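Okay, structure first, notes after.
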Amino acid sequence: MTGKIRGVMPAVLIVSSLTAIPSVSFAADIVNKQLAACLAEKKPVGDVNSCGKRWKVGPSHAQVQADGTVNVQISGLVLDDASVGDANGTADGVDAIAVAIVCGGKVTAQAEPVPLTKEGGAKFTGKLAMPENCASPVVVVRERYEGKIGGWLAGTVQ
């Protein structure tokens with residue numbers, strides 16, 4: 001009898017550990033995506049207006065965890081619009097960004113602005129209040145220009 005219990009138990013443990021691992025890892029991140037730049041196509045993300053000019057972004061990433069912890073790392077967020085002359089390839093007066101969560105077409109949480117370097121680099125780490133019933137949140141990086149928060153420059157939009 002003792003030999004049978006030992007033979008059965010490892011199989012049960014293997015099956016239960018295989019089924020438990022994926023559910024834990026998927027539940028930890030609500031969003032885990034690369035950021036895409038706003039292309040000045042005048043497409044708002046919910047109630048957030050689009051950028052006025054074409055932008056580009058280097059390797060940049062947004063992660064939102066179920067507990068509301070948000071990590072956004074941005075590099076190379078600069079204008080990609082020849083119509084701006086010498087400002088092309090710079091952040092041109094955008095001195096900070098505000099990370100926002102859009103759910104159901106509305107901004108449901110937004111962080112205080114963090115500085116944006118002239119080369120388009122910024123990092124935000126903090127907690128935002130996540131709504132309970134948001135199945136597909138979108139992270140948007142909004143500009144601060146002349147002291148005002150404006151449209152989105154990059155986001156987890158596809």
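In summary, the aspartates and glutamates within cross-link reach of K118, defined as a Cα separation below 20 angstrom excluding same-chain residues under 8 places away, comprise D80, D81, D86, D92, D95, E143, E146.
The simple Förster model, with R0 at 25 Å and r as the Cβ-Cβ distance, assigns T125 and E146 a FRET efficiency of 0.45. Normalised size of the stretch 58-144, defined as Cα radius of gyration per 2.2 N^0.38 Å with N residues, equals 1.17.
Be a star and scan the stretch 60-103 for residues whose amide nitrogen sits under 12 Å from the point 7 Å along the Cα-to-Cβ vector of D47. In the stretch 60-103, the label zone of D47 (backbone N under 12 Å from the point 7 Å along Cα→Cβ) covers 102-103. The 3J(HN,Hα) values that the Karplus relation (6.51, -1.76, 1.60; θ = phi - 60°) gives for the stretch 129-136 are, in residue order, 6, 8, x, 5, 10, 10, 6, 9 Hz. Gly and Pro appear as x.
Throughout, read-outs are computed from the coordinates displayed, never taken from laboratory work. All of these numbers come straight from a predicted model, not from anything done at the bench. As a convention, Cβ positions derive from the backbone with ideal geometry for all residues, glycine included, and neighbour counts pool all protein chains shown.
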